[in-house]
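Right, one structure below, let's go through it.
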Amino acid sequence: MNCLSAMFKYLLYLLNLIFVAGGILLIVVGSIMLSTMGNFTAFEGAVNTQTIPITIIVIGCVTFVVAFFGCCGTIRENPCCTTIYAICMLILFGLQLALSIWIFAANDKFLTSMGKVVDKAWDENDAAQGYPMDALQLAFNCCGNAGYDEYVGSKPASCCGYKDRNKACEAEIYTLRPGCQTEFVDFWASNTDIIRWSSLIIALFELGIFIMSCCLASAMRKR
């Protein structure tokens, strides 16, 4: 193996280690997003809110597995494994690029739909639906749809962060809390910004790794 091939080999190994860590990071980010929403994901109208976190977790798992086997194939200098790894990296590149483009193109529409999820939770906030606003208010430290003054009379305990619905909610707490629609939409806006730019950057790295993997596999076959 010539000097350039050796350089590609160790560069790919180093990048694979980074992608193993990146895969774990994506899994953690997706899990944190799901965890932040708490029991609100159980609300029937909030099904769409799980799409992006679950997609991130799946991509993170695939990235971790592909990068792990890429490390093994690169170190063992197996041209077959390296070629398969290159193909998998090309597929990952396509998935990451598609996710990034989709978020760039549909971000405003997506955020509007997230606002409608809160509207639906507000409209269906009853015992039959399991009081979805309680889950939302506990998860995001907010009160009401647009604000606490939308509640007539006493405010629900969840506006003060209490899980016990029978507990009284004090004015000095709920008056400081913003409306849930603003908090929920802002949560998704900040996360989609991170996701779309990081996905685009990762996709470009994956394209570079695909090209280097092809070159390395070709050099292995010529030995």
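Assorted remarks:
- Among the conditions (1) free of Cβ contacts under 8 Å to residues at least 12 places away in the same chain; (2) open to solvent by 30 Å² or more (accessible area, probe 1.4 Å); (3) under 30 Å from GLY208 (Cα atoms), the only one that ILE54 does not satisfy is (1).
- Condition check for CYS88: farther than 22 Å from SER190 by Cβ and either modelled with pLDDT under 75 or charged (D, E, K, R) (or both): no
- Enumeration of residues in the stretch 90-146 that are open to solvent by 20 Å² or more (accessible area, probe 1.4 Å) and outside any helix (DSSP H, G or I): GLU124, ASN125, ASP126, GLY130, TYR131, ASN141, ALA146
- Pair list, Cβ under 8 Å, 6 or more apart: the stretch 160-171 residue outside any loop (DSSP other than H, G, I, E, B), other residue surrounded by 12 or more Cβ atoms within 10 Å (Cβ to Cβ) and of a type in the set (A, V, I, L, M): CYS160/ILE173
- Residue selected from the stretch 201-223 under the condition open to solvent by 50 Å² or more (accessible area, probe 1.4 Å) and under 23 Å from the mean Cα position of the chain (by Cα), by the criterion farthest from GLU150 (Cα to Cα): LEU207
- One residue stands out among those in the stretch 157-190 that are more than 14 Å from ASN145 (Cα to Cα) and aromatic (Phe, Trp, Tyr): the one that is farthest from the chain's Cα centre (by Cα), which is TYR162.
- Among the candidates ARG196, ARG165, residue that is surrounded by fewer than 20 Cβ atoms within 10 Å (Cβ to Cβ) and under 30 Å from TYR13 (Cα atoms): ARG196
- Considering only residues in the stretch 174-193 that are in contact with a Cys (Cβ under 7 Å, 6 or more places away or on another chain) and part of a helix (DSSP H, G or I), the one that is surrounded by the fewest Cβ atoms within 10 Å (Cβ to Cβ) turns out to be GLU183.
- Residue within the stretch 18-33 that is among the aromatic types (Phe, Trp, Tyr), at pLDDT below 80, closer than 30 Å to GLY115 by Cβ and open to solvent by less than 50 Å² (accessible area, probe 1.4 Å) present: no
The values are calculated or read from the model by the stated rules, or taken from the named source; none is laboratory data. If you're wondering where the values come from, they're calculated on a predicted model, not measured in any experiment. Don't worry about glycine lacking a Cβ; one is built from the backbone with ideal geometry, like all the others, and counts go over all protein chains shown. Accessible surface is based on the protein model in full, side chains and every heavy atom, while ligands, DNA and RNA are left aside. Shrake-Rupley method; radii C 1.70, N 1.55, O 1.52, S 1.80 Å.
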